[in-house]
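Engineer: Okay, here's the structure, questions in a sec.
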Amino acid sequence: MNDFTASVKCICIASAAIFLIENLIGGTRLKNQMKLLMKLVFAIVLIYPFAKGGYDLELPEVNSYEYQDFTGISELYSAELIKQTSDNISEVLRRQITASGINCSEIETEVNISEDNVISINRVIITADDFDAAAEIVRNSVGSETEVIDGDN
């Protein structure tokens, strides 16, 4: 690997030298001769490692790696999506209840996401000082068909 690194460094240095020399003698009569000379030097720098014996690079076998099974990833994604959606709705409801002056210690929202990505809020469990007022705020926000349960009971 050290030979490979040294070769790459030599190629970079040769390329920089070609660029520098072409810019320094760009307007002189020696331009074409120097270009030819620099191309020969560059070719030698490229060919030398292979003429010397090449590189000792080992490529890994593809069969040595295990293929991962992604069959359960869809279920994992769906579960995480439901959890994140539930947490987001709970946080929005908590902010609405707190903004109305009711102390709310916990909200748990149970949601269902259908195949066509429709979110249904099935149940909301509230632990608050004034459950009736908090339940009314939740029903006004998510719909009256949503079941609201007192978390203290």
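Engineer: Once whole DSSP H runs in the chain are found, which of them have Cα atoms spread over 20 Å or more along the helix axis and a mean Kyte-Doolittle score of at least -0.5?
Structural biologist: Numbers: long enough: 2-24 (33 Å, 1.19); 31-52 (31 Å, 0.91); 73-99 (39 Å, -0.23).
TM-like helix candidates: 2-24, 31-52, 73-99.
Engineer: Okay, moving on. Report, for the chain, the % of DSSP beta bridges that are antiparallel, rounded to 5.
Structural biologist: Values: 9 of 13 bridges.
Antiparallel bridges: around 70 percent, rounded to the nearest 5.
Engineer: Now, a different point. Can you tell me which lysines have their Cα less than 28 Å from the Cα of Lys52? Leave out same-chain residues fewer than eight positions away.
Structural biologist: Cα-Cα hits under 28 Å: Lys9, Lys35, Lys39.
Engineer: Taking 0.36 nm per intervening residue step and subtracting the Cα-Cα distance, what contour gain separates Ile119 from Tyr77 on full extension?
Structural biologist: Details: separation 42, 0.36 × 42 = 15.12 nm, distance 1.53 nm.
The Ile119-Tyr77 span can extend by a further 13.6 nm.
Engineer: What shape does the stretch 102-153 take by its C-alpha gyration tensor, where a ≥ b ≥ c are the square roots of the eigenvalues and a/c under 1.5 counts as rounded, a/b above b/c as prolate, and the rest as oblate?
Structural biologist: It is prolate, given that a/c is not under 1.5 and a/b is the larger ratio.
Engineer: Roughly how many nanometres apart are two label points built 7 Å out from the Cα toward the Cβ at Leu40 and Phe19?
Structural biologist: Placing both labels 7 Å beyond Cα along the Cβ direction yields 2.5 nm.
Engineer: Which of Ala99, Ala128, Ala14 ends up with the largest GNM mean-square fluctuation for the chain, with Cα atoms connected below 10 Å?
Structural biologist: Between Ala99, Ala128, Ala14, it is Ala14 that shows the largest mean-square fluctuation.
Rule-based calculations on the coordinates, nothing more; no lab input. Just so it is clear, the structure is predicted and the values come from calculations on it, not from any experiment. Note that we place each Cβ from the backbone using ideal geometry, even for glycine, and neighbour counts take in every protein chain shown.
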